[in-house]
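K.L.:
Take this structure first; my questions come after.
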Amino acid sequence: MYCKKLSVPVVLLLVVALVLTACGPAATEVPATEPAAEEPAAEEPAAEEPAAEEPAAEEPAKDAVEVFSWWTGGGEAAGLEAMIAVFNEQYPDIEFINATVAGGAGTNARAVLATRLQAGDAPDSWQGHAGQELIGTYVAADQIEPLNDLYEANGWLDVMPETLIPLISDEGNIYSVPVNIHRANVLWYNPEILAANNIEVPGTLEDWFTAMDALQEAGVLPLAMGEQWTAMHLFETIMLASLGAESYNGLWDGTTDWASPEVTAALEAFDKVLTYTNSDATSLSWQDASQLVVEGDAAFNVMGDWAEGYFRELGKAPETGYGWAAVPGTDGNFQFLSDSFVLAANAPHPEAALAWLTVAGSKEGQDSFNPVKGSIPARSDGDRELYGVYLQSAMDDWASDTVVGSLTHGVVANDSWKSEIDTALGLYLGTRDVAAFQTALVDACASSGACQ
Ligand code: GAL
């Protein structure tokens, strides 16, 4: 398998090379063209030509598929590798080009992707979140193809959750293949630290504040946080905790007034939560921050359940090495997001891309990916036995809880609204001026969101 983190210029060269190889020479030549992009091998065509002819005579041309994601880091890459292994087994004649750009929540990757799309250099398939990120961005810009035929051929409408289909559809067309369901509102904790400080797992924001006061007094970092997107992640869970599901949903459909006193109270709760976090948050990735908990350097971390994949990769055991609960005040609510893969309009390798999407939507693909990634399958027929104790609890909660969408991970707001919120959040994290933050959020809703 060909697996490499690709820089944009390398990707450009590679895509050109792939388009050329698709017209004739053997695909075993595909990797061979990649070093050429690094060394100035283009100056030595004579050395390449004989090699291009020989294997072509023996082997049929090998197709390729370039799949773009941000799953490079702890826990994330391993899940993707597991699904690639299924792909390689089922499609040995298609080269899998693993185009990943590092950075949690796709903060870097999505910028690179936008540049590539603008330049007409789309990867065959890329990771996109079900919801507004997909519909408000890629569908709105005609960058992806409908997949209704693939759904029909595979009977996916019978196995994909009904709640998900509207979030990946527009005007009767279905635009992506969801591989998982992640939960955003998870409170991870260090069981030993809580026990040593006589602290029960908090169920309400008030209990949580009391617990974190005690931890702070005992000289323990109460809450680990990382770079800015993890602050937005924390923000959305506290908005849910403080507002409740109905008013939280109302933020995104215009029925909750961003200027209201209940939003002020939620922002004040968020402001208080931040007083328990580490001062070096901006320099920590999500893995760094969640690792503080399992290494005994912090009591709590709020992070999506991809953290569970990471904890297991670090060799930690559920319940003893790490514990979990719904973020205080959000029990009974499942704040969800779903990673899905799309088919690029004008994909360089449409057939191979459909093969990849077929694996991504299959039971085998999802049951190999999700137990490692720390998510539950999007399909409703996943094999429960393959999943650990945390993920089994997530399956139960997904089936019984009130489901609400994530802001940070693309469900509830389109890119322009989310980016205005992000700008407001960044300013606020510097000033900690709650009133100004609220005004900026009101403005963001008016200019890009549901209050228009
Ligand atoms: C989310 C994505 C997850 C996980 C996380 C951290 O946006 O949906 O699968 O990758 O970012 O990088």
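K.L.:
Considering segment 258-269 alone, what residues qualify as being under 22 Å from residue 409 (Cα atoms) and either open to solvent by 20 Å² or more (accessible area, probe 1.4 Å) or β-branched (Val, Ile, Thr) (or both)?
P.N.:
Within segment 258-269, 263 is the sole residue that qualifies.
K.L.:
Take segment 400-421 and flag every residue that is in contact with a strand residue (DSSP E or B) (Cβ under 6 Å, 6 or more places away or on another chain) and open to solvent by less than 40 Å² (accessible area, probe 1.4 Å).
P.N.:
Across segment 400-421, the qualifying residues are 401, 404, 406, 409, 410, 411, 412.
K.L.:
Which condition from (1) within 16 Å of the ligand (Cβ to nearest atom); (2) within 16 Å of residue 177 (Cβ to Cβ); (3) assigned to a loop (DSSP other than H, G, I, E, B) is the one that residue 340 breaks?
P.N.:
Going through the list (1) within 16 Å of the ligand (Cβ to nearest atom); (2) within 16 Å of residue 177 (Cβ to Cβ); (3) assigned to a loop (DSSP other than H, G, I, E, B), residue 340 breaks only (3).
K.L.:
Would you check which residues across segment 105-128 are near the ligand (Cβ under 10 Å from one of its atoms), modelled with pLDDT of 95 or more and open to solvent by 10 Å² or more (accessible area, probe 1.4 Å) and list them?
P.N.:
Once the filter is applied, which keeps residues that are near the ligand (Cβ under 10 Å from one of its atoms), modelled with pLDDT of 95 or more and open to solvent by 10 Å² or more (accessible area, probe 1.4 Å), segment 105-128 yields 105, 110.
K.L.:
While we're looking at this one, here's another question. The conditions are (1) more than 16 Å from the ligand (Cβ to nearest atom); (2) part of a helix (DSSP H, G or I), and residue 134 fails exactly one of them. Which is it?
P.N.:
Evaluating residue 134 over (1) more than 16 Å from the ligand (Cβ to nearest atom); (2) part of a helix (DSSP H, G or I) leaves (1) as the failure.
K.L.:
Oh, and also: Against the definition (among the acidic types (Asp, Glu) and farther than 20 Å from residue 66 by Cα), how does residue 331 come out, yes or no?
P.N.:
The answer is yes for residue 331.
K.L.:
Would you call residue 330 in contact with a helix residue (DSSP H, G or I) (Cβ under 8 Å, 6 or more places away or on another chain), open to solvent by 10 Å² or more (accessible area, probe 1.4 Å), away from the ligand (no atom under 16 Å from the Cβ) and among the polar types (S, T, N, Q)?
P.N.:
No: the conditions fail for residue 330.
K.L.:
So which residues in segment 292-315 are away from the ligand (no atom under 14 Å from the Cβ) and farther than 11 Å from residue 75 by Cβ, if there are any at all?
P.N.:
Residues satisfying the conditions are 292, 293, 294, 295, 296, 297, 298, 299, 300, 315.
K.L.:
I'm told residue 275 meets every condition in (1) open to solvent by 20 Å² or more (accessible area, probe 1.4 Å); (2) in contact (Cβ under 8 Å) with a residue 60 or more places away in the chain except one. Can you identify the failing condition by its number?
P.N.:
Single failed check for residue 275: (2).
K.L.:
May I ask you to list the residues in segment 278-291 that are open to solvent by 20 Å² or more (accessible area, probe 1.4 Å) and within 13 Å of the ligand (Cβ to nearest atom)?
P.N.:
285, 287, 288
K.L.:
Is it the case that some residue within segment 199-222 is touching a strand residue (DSSP E or B) at 6+ places or on another chain (Cβ under 9 Å) and within 16 Å of the ligand (Cβ to nearest atom)?
P.N.:
Checking segment 199-222: not a single residue is touching a strand residue (DSSP E or B) at 6+ places or on another chain (Cβ under 9 Å) and within 16 Å of the ligand (Cβ to nearest atom).
K.L.:
Quick one: which residue in 424, 446 is exposed (fewer than 15 other Cβ atoms within 10 Å of the Cβ) and either more than 24 Å from the chain's Cα centre (by Cα) or more than 16 Å from the ligand (Cβ to nearest atom) (or both)?
P.N.:
Checking each option against the conditions leaves just 446.
K.L.:
Among the numbered conditions (1) open to solvent by 30 Å² or more (accessible area, probe 1.4 Å); (2) within 16 Å of the ligand (Cβ to nearest atom); (3) within 27 Å of residue 239 (Cα to Cα), tell me where residue 162 comes up short.
P.N.:
Going through (1) open to solvent by 30 Å² or more (accessible area, probe 1.4 Å); (2) within 16 Å of the ligand (Cβ to nearest atom); (3) within 27 Å of residue 239 (Cα to Cα) one by one, residue 162 breaks only (2).
The values are calculated or read from the model by the stated rules, or taken from the named source; none is laboratory data. For clarity, every value in this text was computed on a predicted model and none was experimentally measured. Positions of Cβ are generated from backbone atoms using ideal geometry, with glycine treated the same way; all protein chains shown enter the neighbour counts. Side chains included, ligands, DNA and RNA excluded: accessible areas come from the protein's heavy atoms. Shrake-Rupley method; radii C 1.70, N 1.55, O 1.52, S 1.80 Å.
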